[in-house]
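So the structure is just underneath, and the comments pick up after that.
No lab work stands behind these numbers, since they all come straight from the coordinates. Values in this document were obtained by computation on a predicted structure and should not be read as measured data. So basically every Cβ, Gly included, is an ideal-geometry build from the backbone, and we count neighbours across all protein chains shown.
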Amino acid sequence: DVKVTQSSRYLVKRTGEKVFLECVQDMDHENMFWYRQDPGLGLRLIYFSYDVKMKEKGDIPEGYSVSREKKERFSLILESASTNQTSMYLCASSSRGGLETQYFGPGTRLLVL
Amino acid sequence: QKEVEQNSGPLSVPEGAIASLNCTYSDRGSQSFFWYRQYSGKSPELIMSIYSNGDKEDGRFTAQLNKASQYVSLLIRDSQPSDSATYLCAVGGGYQKVTFGIGTKLQVIP
């Protein structure tokens with residue numbers, strides 16, 4: 001069975017803190033994605049990776065960075081958290097190619113105070 | 001910027017009726033089209049994918065694609081209260097990523 005897991009379901013951080021969100025998939029997928037989801041704005045792509053150590057900016061990369069050292073793991077880093085980064089963060093993975101289904105993790109609800 | 005447009009709703013239908021959800025997209029080169037369902041507080045899950053013009057049926061769900069009109073729809077027959085959720089349309093261009101619409105909230109009234 002397909003499985004994408006995220007390190008935390010809920011997270012509360014202070015402004016200026018460095019935040020790590022981790023995603024692990026067990027499907028041997030090449031592609032991994034980080035989205036944020038906000039009411040009225042839908043799912044917006046932050047970064048994606050199509051191979052180990054490869055990354056591409058999505059639509060809203062500012063204030064974020066990513067790391068993919070192993071195929072199964074994709075981390076999202078908020079270098080200095082700000083209140084406007086309060087959001088639901090969703091990780092997804094898919095096999096090679098944009099023609100394929102994306103499988104989502106359960107999400108991390110991040111609150112930055 | 002590639003765009004995927006959906007009416008945010010809510011779309012309210014009585015139990016047993018057909019729910020019709022619509023989506024338009026801007027990129028004529030799009031090749032893959034998906035419908036995801038998202039329950040409140042949960043992550044999206046795939047319902048249907050469609051890649052060629054016409055209809056594709058899976059149980060109570062039918063996806064319809066018209067590339068000439070840049071239009072994709074999802075029909076839900078015999079709607080049930082358990083179908084109440086937000087339905088996300090997603091469009092892919094053959095590259096690794098897809099673009100999501102904001103989703104249409106469906107309410108099925110018992």
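Suppose we filter segment A:1-50 for residues that are in contact with a Phe, Trp or Tyr (Cβ under 9 Å, 6 or more places away or on another chain), among the acidic types (Asp, Glu) and part of a loop (DSSP other than H, G, I, E, B); how many remain?
Number of matching residues: 1.
Consider segment A:9-64. How many of its residues are surrounded by fewer than 15 Cβ atoms within 10 Å (Cβ to Cβ), within 14 Å of chain B (Cβ to nearest Cβ) and among the small types (Gly, Ala, Ser)?
The number of residues fulfilling the criteria is 1.
When the residues of segment B:75-85 are narrowed to those that are touching a residue at least 60 places away in the same chain (Cβ under 8 Å) and outside any loop (DSSP other than H, G, I, E, B), which ends up farthest from the chain's Cα centre (by Cα)?
Quick first cut of segment B:75-85, residues touching a residue at least 60 places away in the same chain (Cβ under 8 Å) only: B:78-81, B:83.
Pick out the ones that are also outside any loop (DSSP other than H, G, I, E, B) and you get B:81, B:83.
Values: B:81: 18, B:83: 13 Å.
By that ranking, first place goes to B:81.
Looking only at segment A:71-113, how many residues end up being part of a loop (DSSP other than H, G, I, E, B), of a type outside the set (S, T, N, Q), away from chain B (no Cβ under 14 Å) and closer than 24 Å to residue B:42 by Cβ? Walk me through how you get there before you give the answer.
Taking segment A:71-113 first, the residues part of a loop (DSSP other than H, G, I, E, B) are A:71-72, A:79-82, A:86, A:95-102, A:105-107, A:113.
Remaining after also requiring of a type outside the set (S, T, N, Q): A:71-72, A:79, A:81, A:96-100, A:105-107, A:113.
Add one more test, that the residue is away from chain B (no Cβ under 14 Å), and what stays is A:71-72, A:79, A:81, A:113.
Right, trim to closer than 24 Å to residue B:42 by Cβ and you get A:72.
Final tally of qualifying residues: 1.
Considering only residues that are outside any loop (DSSP other than H, G, I, E, B) and among the small types (Gly, Ala, Ser), look in segment A:51-70 and name the one that is nearest to residue A:4 (Cα to Cα). Walk me through it before giving the result.
Going residue by residue through segment A:51-70, those that are outside any loop (DSSP other than H, G, I, E, B) are A:56-57, A:64-70.
Now narrow it down to the ones that are among the small types (Gly, Ala, Ser): A:65, A:67.
Details: A:65: 20, A:67: 17 Å.
So, considering only residues that are outside any loop (DSSP other than H, G, I, E, B) and among the small types (Gly, Ala, Ser), the one nearest to residue A:4 (Cα to Cα) is A:67.
For segment B:62-74, which positions are without any contact (Cβ under 8 Å) to a residue 24 or more places away in the chain and either within 20 Å of residue A:94 (Cα to Cα) or not in a loop (DSSP other than H, G, I, E, B) (or both)?
Scanning segment B:62-74 gives B:62, B:64, B:66.
Under the condition of being assigned to a strand (DSSP E or B) and not charged (D, E, K, R), which residue from segment B:50-61 is surrounded by the most Cβ atoms within 10 Å (Cβ to Cβ)? Steps first, please.
Initially, segment B:50-61 is screened for residues assigned to a strand (DSSP E or B), giving B:50, B:54-58, B:61.
This time we only want the ones that are not charged (D, E, K, R), so: B:50, B:54, B:61.
On the way: B:50: 19, B:54: 10, B:61: 17.
Residue satisfying both the conditions and the ranking: B:50.
Which one is nearest to the other protein chains (Cβ to nearest Cβ), of the residues in segment B:1-34 that are more than 15 Å from the chain's Cα centre (by Cα) and farther than 16 Å from residue B:100 by Cα?
Top of the filtered list is B:12.
When residues of segment B:1-47 are filtered for being closer than 25 Å to residue A:23 by Cβ, of a type outside the set (Phe, Trp, Tyr) and part of a strand (DSSP E or B), how many remain?
Number of matching residues: 7.
Tell me which residues, restricted to segment B:23-49, are in contact (Cβ under 8 Å) with a residue 24 or more places away in the chain, surrounded by 14 or more Cβ atoms within 10 Å (Cβ to Cβ) and in contact with an Asp or Glu (Cβ under 9 Å, 6 or more places away or on another chain). I'd like the intermediate steps shown before the answer.
Narrowing segment B:23-49 to residues in contact (Cβ under 8 Å) with a residue 24 or more places away in the chain: B:23-40, B:44, B:47-48.
Those still in the list that are surrounded by 14 or more Cβ atoms within 10 Å (Cβ to Cβ) too: B:23-25, B:27, B:30-38, B:44, B:47-48.
Across segment B:23-49, the qualifying residues are B:23, B:24, B:25, B:27, B:32, B:36, B:37, B:38, B:47, B:48.
Any idea how many residues of segment B:80-110 are within 9 Å of another protein chain (Cβ to nearest Cβ) and either in contact with a helix residue (DSSP H, G or I) (Cβ under 6 Å, 6 or more places away or on another chain) or more than 18 Å from residue B:8 (Cβ to Cβ) (or both)?
Restricting attention to segment B:80-110, the residues satisfying the condition of being within 9 Å of another protein chain (Cβ to nearest Cβ) are B:88, B:90, B:92-103.
In the following step, the residues that additionally are either in contact with a helix residue (DSSP H, G or I) (Cβ under 6 Å, 6 or more places away or on another chain) or more than 18 Å from residue B:8 (Cβ to Cβ) (or both) were identified as B:92-98.
Summing the residues that are within 9 Å of another protein chain (Cβ to nearest Cβ) and either in contact with a helix residue (DSSP H, G or I) (Cβ under 6 Å, 6 or more places away or on another chain) or more than 18 Å from residue B:8 (Cβ to Cβ) (or both) in segment B:80-110 gives 7.
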